Amino acid sequence: MKTLKQLGCAGLAALLMSVSLPSWAQAADGVAAGAADGAAVVTKAEKNPVAKLRGKLLYKKNQIRKLERSATGSNEALRARAGELEKERRGQYVAVEPKLAELYSEQDALAAEIDRLAPPKK
């Protein structure tokens with residue numbers, strides 16, 4: 001004869017199996033259906049290809065900015081011309097969207113503050 005404690009444990013185990021078994025079966029059916037349909041199963045280790053491309057694009061943009069800064073830093077004429085073109089570009093955008101004037105001034109103030117606080121580069 002089983003004790004009350006043994007019956008309680010057996011009942012709890014049966015209850016847990018009855019709750020979790022259908023979800024396991026559905027997961028197995030879902031994987032089988034996905035494999036049968038030829039759908040690619042994306043694991044967590046794989047990244048979204050668009051996210052990878054965006055990361056590469058951001059890296060390339062930062063490389064370009066860094067090289068542009070070094071080029072304008074060593075050539076005064078290029079720096080002056082690039083500054084003129086940037087003012088013209090901003091002026092055209094502000095003519096279409098006046099809200100940009102305030103944002104550009106805030107951006108310039110932040111950049112100046114960063115330049116002031118950043119340690120000098122060697």
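Pairs of lysines in region 42-122 whose Cα atoms sit within less than 24 Å of one another amount to 18, provided the residues are eight or more positions apart or on different chains. In the neighborhood of ALA111, defined by Cβ-to-Cβ distances under 13 Å, what is the net charge if each Lys or Arg adds +1 and each Asp or Glu adds -1? Surrounding charge for ALA111 is -2. Per-residue accessible area (protein heavy atoms, 1.4 Å probe) orders SER105, SER74 as SER74, SER105, starting from the largest.
The values are calculated or read from the model by the stated rules, or taken from the named source; none is laboratory data. These numbers were taken from a predicted model, which means no experiment stands behind them. Positions of Cβ are generated from backbone atoms using ideal geometry, with glycine treated the same way; all protein chains shown enter the neighbour counts. Each accessible area value is taken on the protein alone, full model and side chains, heavy atoms only, with ligands, DNA and RNA left out. Shrake-Rupley method; radii C 1.70, N 1.55, O 1.52, S 1.80 Å.
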